[in-house]
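> Got a structure for you, written out below as structure tokens; questions coming shortly.
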Amino acid sequence: MLSLTQALSPRRGLYFQSGIDGFLTMCDSVRSSNERSAVEIKKAIITAAGKSQRTLPLQTLVDRDGSQKTALAIIVEEVLKTGINEICIVVCPGDQAAYRTAAGPHAGRIQFVEQTSPLGYGHAVQCARGFTGDAPFLLLVGDHLYVSRAEKNCAQQLVEAARAESCAVSAVQATHESKLPFYGAVGGRLAPGRQRLYQIESVLEKPTPTEAEQKLIVPGLRAGRYLCFFGMHVLTPAIMHRLSEMAGSARNGVALTAALNDLAGKERYLALELHGRRYDIGLKYGLLTAQLALAFDGKDRDEVLANLVEMLALE
């Protein structure tokens, strides 16, 4: 009989020599299984095929480093900092050349898929199924820019959370009810023992304030605020399967939010309130607001602030 010290000594390749050896072998096996089941995200999709969205990623801004870049290039760099190097952009037919130019030095990393029919956002995502295969992926929209309030950028925060939790995670931002017509929103509850991480129970696309009050209340949020999508998700292969099923029977397009709502009922699905802000460049003054946010977060902050103060003083 092995002593307890011998039985608990660290080693691999354990054999069923005793009851406690068998227990340790089982623990080793479970640990290895858990490590294998961890979500590894190696691919990213950027959607840019919407009729009102397709030209927005081509707009030029001044990034934090003071360099002129397209919104697309800034989004691609957000992705690359996560360690993801395989990127697919879903575009309208005929837009590939413009997007390849807008990607600048990153064009060689990008694959393109065309959405040939305007059948909704979910359909745009489903068009990239051949690219993702049966692998999880990071999903971003082409008309949002992000400014992190942490050391890591927004995409890094999300990807690391999905890896740690081994499940789908959508980024969210507490948003005033006046902005509900622009975003999908989630209802749920704070995950036990966690901060800023929520178990999603329901998903609605652009809910009315009444619908949100009835179905999307999240305990702990300020009154009149709801968890709205950030334009950034890490999703499991199950979402592609569901989107394909929906595409086969849909007449009026395929909604990603409907598929995400189904996902919430079938597997563990979380929402993460990131340390950062999203800026929708498709809104009125959205491009201006995003530019100011980048400038205030960049190396020319003092110069920009001084110019703004001077402008305000002249009014």
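> Taking LYS299 as the residue in question, decide whether it is over 21 Å from the mean Cα position of the chain (by Cα) and basic (Lys, Arg).
yes
> Right, here's the next one. Taking strands (runs of 3 or more DSSP E) that do not extend beyond the stretch 29-123, which have at least 3 residues that are at pLDDT 95 or above and buried (at least 20 other Cβ atoms within 10 Å of the Cβ)?
In the stretch 29-123, 43-47, 86-91 are the strands (runs of 3 or more DSSP E) which contain 3 or more residues that are at pLDDT 95 or above and buried (at least 20 other Cβ atoms within 10 Å of the Cβ).
> Inside the stretch 42-71, can you point out the residues that are out of contact with any strand residue (DSSP E or B) (no Cβ under 8 Å at 6 or more places or on another chain) and among the aliphatic types (A, V, I, L, M)?
Within the stretch 42-71, just LEU56 meets the criteria.
Condition check ((1) within 27 Å of ASP134 (Cα to Cα); (2) outside any loop (DSSP other than H, G, I, E, B); (3) among the aromatic types (Phe, Trp, Tyr); (4) in contact with a Lys or Arg (Cβ under 7 Å, 6 or more places away or on another chain)) across all residues:
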position: GLY188; (1), (2), (3), (4): no, yes, no, no
position: GLY193; (1), (2), (3), (4): no, no, no, no
position: ALA212; (1), (2), (3), (4): no, yes, no, no
position: PRO219; (1), (2), (3), (4): no, no, no, yes
position: ALA223; (1), (2), (3), (4): no, no, no, no
position: TYR226; (1), (2), (3), (4): no, yes, yes, no
position: PHE229; (1), (2), (3), (4): yes, yes, yes, no
position: ARG242; (1), (2), (3), (4): yes, yes, no, no
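> When you scan the stretch 169-188, do you find a residue that is touching a strand residue (DSSP E or B) at 6+ places or on another chain (Cβ under 7 Å), over 27 Å from CYS127 (Cβ atoms), surrounded by fewer than 17 Cβ atoms within 10 Å (Cβ to Cβ) and of a type in the set (A, V, I, L, M), even just one?
Yes.
> Another question about this same structure. Where residues in the stretch 272-291 are among the aliphatic types (A, V, I, L, M) and surrounded by 16 or more Cβ atoms within 10 Å (Cβ to Cβ), which of them is farthest from GLN68 (Cα to Cα)? Can you show your working first?
The first filter runs over the stretch 272-291 and keeps only residues among the aliphatic types (A, V, I, L, M), leaving 272, 274, 281, 283, 287-288, 290.
From the residues that got through so far, the ones that are surrounded by 16 or more Cβ atoms within 10 Å (Cβ to Cβ) too are 272, 274, 281, 287, 290.
Working: LEU272: 31, LEU274: 26, ILE281: 16, LEU287: 14, ALA290: 14 Å.
Among them, the one singled out is LEU272.
> Answer yes if at least one residue in the stretch 258-271 is surrounded by fewer than 18 Cβ atoms within 10 Å (Cβ to Cβ), on the phi < 0 side of the Ramachandran plot, at pLDDT 95 or above and not in a helix (DSSP H, G or I), and no otherwise.
Yes.
> If you don't mind, another one. (1) assigned to a loop (DSSP other than H, G, I, E, B); (2) closer than 23 Å to LEU308 by Cα; (3) not aliphatic (A, V, I, L, M): which one isn't true of THR289, the others all being true?
(1)
The values are calculated or read from the model by the stated rules, or taken from the named source; none is laboratory data. Since this is a predicted model, take the numbers as computed values, not measurements. Reconstructed Cβ throughout: ideal geometry from the backbone, glycine too, with neighbour counts over all protein chains shown.
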